[in-house]
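Trainee: Got a structure for you, questions after.
The values are calculated or read from the model by the stated rules, or taken from the named source; none is laboratory data. As the structure is a prediction and not an experimental result, all values here were calculated from the model. For neighbour counting, all protein chains shown are included, and Cβ atoms are generated from backbone atoms with ideal geometry for every residue, glycine included.
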Amino acid sequence: RRVLRLAEMCRRLETEEEKVLPFYPSSLAEGEQRDAQRVLEETPAEPLAWAVRDYMGLERFWQRFNKVKLEERALERERAVLSQRNRRLRELLRQYLAGISVSREELGELNPL
């Protein structure tokens, strides 16, 4: 019940794009996808394969989890780039303001105008 309740809460936070197309398209070719599906449908012979088969229902969860992690990393990089750009623009603004400001010494001098 708790997992279902959490899933419902998370579903409300999804964007429209995530609701319509929640996963990236597969990067496997059609033949590779058929081979992978065939291997998944075979009866496992090893104990570890049986254990992994028990968790096949979590495959979509891990796909979504990994998608979110990739997006998080991309946003972190974008934030770093924007932060660096912001610092540079602030420095340029500081230089500009220093260039147009009038000091007290300049005000005390004789003005030719």
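Trainee: Could you tell me how many of the residues in the stretch 1-46 are closer than 26 Å to Lys69 by Cβ, at pLDDT below 75 and either out of contact with any helix residue (DSSP H, G or I) (no Cβ under 8 Å at 6 or more places or on another chain) or not in a loop (DSSP other than H, G, I, E, B) (or both)?
Mentor: Going through the stretch 1-46 one residue at a time, the tally reaches 10.
Trainee: Would you mind listing the helices (runs of 4 or more DSSP H) fully within the stretch 47-111 where at least 2 residues are surrounded by 10 or more Cβ atoms within 10 Å (Cβ to Cβ), of a type in the set (Gly, Ala, Ser) and modelled with pLDDT under 90?
Mentor: 47-54
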